[in-house]
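Take a look at the structure set out below.
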């Protein structure tokens, strides 16, 4: 018999159960008594029945696919986050499509629109330029969204780093070492969510008596190239900093390379501290001091929140993952 | 008007064109005269028409989604490959779902089955344990497959590294430096496709008069942990090697760390050479000598072959990307 012509009714007849029971077994949506389940599975195998999931998707309006929208999957932080998300969605048989925005607003909007058009089941997103109203269409379509970022549009589920304590400890450490002028390689200027890591450093510098003047804050992308360029700019200032905090490890690694090219000794001429503790942080030399934010755990937490939402949770969830200062050789 | 109730006919009426023309504009399948295209786009915007892509998918049997099936997206090589593939598929509006197999045969089979059940439009896969007949169902379903690996089931499209020349140069370089005993951290034993990189080193060692005895070949996963463990095993041999070739950079970086822990001086006590030239290869110290295989380019090439297949190309394609020896500080 042609596979496509075998129907659920055929399976139900062969298994001696109702079509509803067949549907439950195939969708996994409800528990079915073991003997009935086995009978269905046997009939499915014998008849060569294949569920038409596209047709099923149309009926249930479910694609069993979620989107991960991030700046760049080739950035190891997002690759780890993706893996955490995928591992969390896997037991529920959700596929994860990965979309790269290059931190470009037009791309962010385009992928959100795509999610609605394709009726995907959910979104995990690290937005750079999106305002709360940019999520209106996704929300109107009833598609759950989880934001992975330090801050996000207030109404959406959020998984974020809580670096308050770790940044305070980092700055206290720098103060004890006699640093007075702190510089920062911060994120891009003008992001709707602001720059929470910069704000944390600003506040901690104040508490510990370090100077973090506006002239020593360089804004840029979260890339190695931006880190290298930013370091060169900071070190060409009339009064350069003796320590630089970086928005993430990629920026810090770029800064480290540029410092090496300038002949600076790390950490005696200049201290550097990153954020995230991606794999390369402990592989570069000198080993990078950083603030550990576990990307894999962030991704799996996003997956957990998304699954809860898909299952019907109504209230907003926010999970703050506590980060931790890791002192290595650059401070 | 409710978006869902707007039909293509409404759009066609408002734009003063045929439904077929609307369909062409929306699908991008055929060129449409600029004035008609603009009229359709204007009508779509005014009426708030939204193409129901799930329903469309049912009619066209196309999901406009392809799968990338790799051991682990958190491995930077595959993250780069994914990015290359996504960038290639992007202009044709294909989504890429990323599936991690952990180089496990059961997972590889499960995801291939999933691709058939979901009627995805194509697959790019780096298989570890699959035999040619494992692709029968995907093939029977008419779903194009591109293999990204050094070798693959003969009948499928293949994008591979051509490291013949680079491995020869690497071994010649080691021979000139006076090395006589070469070890190898190879891939897992028993893979259906064999271990082409090991074979290349074996042949080159023969040509250049180096010894690569069976006792100095350690098999393992392509991970840092396996590399570290393999190095310890090799260096505990009665006659340890003076140079070790590694199946990839992750293995080499693990070996480098283990060598450091054993107090070995690199490269004077032991030379190490990797494969791929992922980002960390040039960030570790000493910088890793390696054979450059551009993952991004491999991914975008897979995307190009897949799009050709989807567009109807019948003949098999194989693209061998020439690799290149990069001598740094570990040789």
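All of the numbers you see were taken from the coordinates with simple rules; none came from a lab. Just so you know, these numbers come straight off a predicted model, no measurement behind them. Note that each Cβ is placed from the backbone with ideal geometry, even for glycine, and that neighbours are counted across all protein chains shown.
Starting from the exponent 0.38 and prefactor 2.2 Å, build the expected Rg for segment A:290-329 from its residue count and divide its actual Cα Rg by it.
Numbers: Rg = 13.8 Å, N = 40, 2.2 N^0.38 = 8.9 Å.
For segment A:290-329, the normalised Cα radius of gyration is 1.54.
If you take every DSSP beta bridge whose two residues both sit in the protein assembly as shown, what share of them, in percent to the nearest 5, is antiparallel?
Details: 8 of 76 bridges.
Just about 10 percent of them are antiparallel.
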(request) Evaluate the distance, in nm, between pseudo-label points positioned 7 Å from the Cα of residue B:189 and of residue A:131 along their respective Cα→Cβ axes. (result) 6.4 nm
(request) Could you tell me how many degrees, from 0 to 90 and to the nearest 10, lie between the Cα long axis of helix B:164-176 and the main elongation axis, the longest principal axis, of the Cα atoms of chain B? (result) 20 degrees
(request) Find the percent of Cα-Cα distances in segment B:228-316 that exceed 14 Å, and round it to a whole number. (result) 67 percent
(request) Any chance you could give the angle, 0 to 90 degrees and rounded to 10, that helix B:76-89 forms with the longest Cα principal axis of chain B? (result) 30 degrees
(message) Suppose you put the label 7 Å out from Cα in the Cβ direction; list, shortest first and in nm with one decimal, how far residue B:232 is from each other copy's label.
(response) 4.3
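Evaluate Rg over Rh across segment B:87-243, taking Cα atoms for both radii and Kirkwood's formula for Rh.
Numbers: Rg = 19.0 Å, Rh = 17.9 Å.
A ratio of 1.06.
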(request) Tell me the distances, shortest first, between residue B:19 and the same position across the other copies, using label points 7 Å along Cα→Cβ, in nm to one decimal. (result) 2.7
(request) For residue B:207, place a label point 7 Å out from Cα along the Cα→Cβ vector, do the same in each other copy, and report the separations in nm, one decimal, smallest first. (result) 6.3
(message) Against the empirical 2.2 N^0.38 Å scaling, what ratio does the C-alpha Rg of segment B:164-292 come to?
(response) 0.93
(request) Would you please report the Å³ per residue occupied by the convex hull of the alpha carbon atoms in chain A? (result) 152 Å³
(request) Please give the helix A:34-47 orientation as an angle from the longest Cα principal axis of chain A, in degrees from 0 to 90, rounded to the nearest 10. (result) 80 degrees
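Ratio of Rg to Rh for the protein assembly as shown, alpha carbon only, Kirkwood?
Values: Rg = 27.3 Å, Rh = 27.3 Å.
Looking at the protein assembly as shown, the ratio lands at 1.00.
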(message) Distance between the C-alpha centers of segment A:195-246 and segment B:207-273? Whole Å please.
(response) 41 Å
(request) Take the Cβ-Cβ distance between residue A:239 and residue A:9 as r, set R0 to 56 Å, and report the resulting FRET efficiency rounded to the nearest 0.05. (result) 0.10
(message) I need the calculated FRET efficiency for the pair residue A:269 and residue B:262, taking r as the beta carbon distance and R₀ as 30 Å, to the nearest 0.05.
(response) 0.40
